[in-house]
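Asks: Pasting a structure here, questions to come.
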Amino acid sequence: MAEKFKSDTEIFALAVTLKTRREELGLTLELLGKFTGIDCGQLSRFETGQFKTKSQNLQIVCKFLQLTGWLHQAPEPSHELGDRLEQFARRSPAHHAAVEELLRALEKLP
């Protein structure tokens, strides 16, 4: 069972943070849905504070937007190159494209 938030104030603060972070990254709800596999309607409900628990989908969104501190599940920092590339690629569509371009260039090396 998913853990409940302590207060409506905490929910509202997270909702505002989710929307602000998404907009900072230049993502639409549709694009965020594409990257996370979560329905746009549910993403909209998250951004308007229409949730009570730390559901799996909410955790996915927070992780994608690098807001893991809200769920008290901050991952250990990784020093593995693959993990670092994956984390970088998740920051925004532009970061993802840059990683793809880098990988294509590396594949062309002898």
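Asks: What tally of residues in the stretch 31-58 results from selecting those that are surrounded by fewer than 18 Cβ atoms within 10 Å (Cβ to Cβ) and acidic (Asp, Glu)?
Replies: So the count comes out to 1.
Asks: While we're here: Within the stretch 6-20, track down each residue that is open to solvent by less than 20 Å² (accessible area, probe 1.4 Å) and either more than 29 Å from PHE88 (Cβ to Cβ) or in contact with a Lys or Arg (Cβ under 8 Å, 6 or more places away or on another chain) (or both). Quick ask: steps written out before the conclusion?
Replies: Restricting attention to the stretch 6-20, the residues satisfying the condition of being open to solvent by less than 20 Å² (accessible area, probe 1.4 Å) are 11, 14-15, 18.
The one that is open to solvent by less than 20 Å² (accessible area, probe 1.4 Å) and either more than 29 Å from PHE88 (Cβ to Cβ) or in contact with a Lys or Arg (Cβ under 8 Å, 6 or more places away or on another chain) (or both): ILE11.
Asks: Please tell me if GLN56 is at pLDDT below 90, among the polar types (S, T, N, Q) and within 20 Å of LYS6 (Cα to Cα).
Replies: Numbers: at pLDDT below 90: no; among the polar types (S, T, N, Q): yes; within 20 Å of LYS6 (Cα to Cα): yes.
It is false that GLN56 is at pLDDT below 90, among the polar types (S, T, N, Q) and within 20 Å of LYS6 (Cα to Cα).
Asks: Looking at the structure I just gave you, is ARG45 of a type in the set (D, E, K, R) and under 13 Å from the mean Cα position of the chain (by Cα)?
Replies: On the way: of a type in the set (D, E, K, R): yes; under 13 Å from the mean Cα position of the chain (by Cα): no.
No: the conditions fail for ARG45.
Asks: Looking at the structure I just gave you, is LYS63 surrounded by 15 or more Cβ atoms within 10 Å (Cβ to Cβ), modelled with pLDDT of 95 or more and within 23 Å of ALA97 (Cα to Cα)? Show your work before the answer.
Replies: Working: surrounded by 15 or more Cβ atoms within 10 Å (Cβ to Cβ): yes; modelled with pLDDT of 95 or more: no; within 23 Å of ALA97 (Cα to Cα): yes.
No.
Asks: Can you tell me which residue within the stretch 75-110, out of those that are surrounded by 11 or more Cβ atoms within 10 Å (Cβ to Cβ) and in a loop (DSSP other than H, G, I, E, B), is modelled with the lowest pLDDT?
Replies: SER78
Asks: Name the single residue that is farthest from the chain's Cα centre (by Cα) among those in the stretch 21-30 being surrounded by 13 or more Cβ atoms within 10 Å (Cβ to Cβ) and assigned to a helix (DSSP H, G or I).
Replies: First pass over the stretch 21-30, keeping only residues surrounded by 13 or more Cβ atoms within 10 Å (Cβ to Cβ): 21-22, 25, 27, 29.
With the extra rule that they be assigned to a helix (DSSP H, G or I), the set shrinks to 21-22, 29.
On the way: ARG21: 9, ARG22: 8, LEU29: 12 Å.
Here the residue is LEU29.
The values are calculated or read from the model by the stated rules, or taken from the named source; none is laboratory data. Remember, it's a predicted structure, so these values are computed and weren't measured experimentally. Note that each Cβ is placed from the backbone with ideal geometry, even for glycine, and that neighbours are counted across all protein chains shown. We work out accessible area using only protein heavy atoms, side chains counted, and drop any ligands, DNA or RNA first. Shrake-Rupley method; radii C 1.70, N 1.55, O 1.52, S 1.80 Å.
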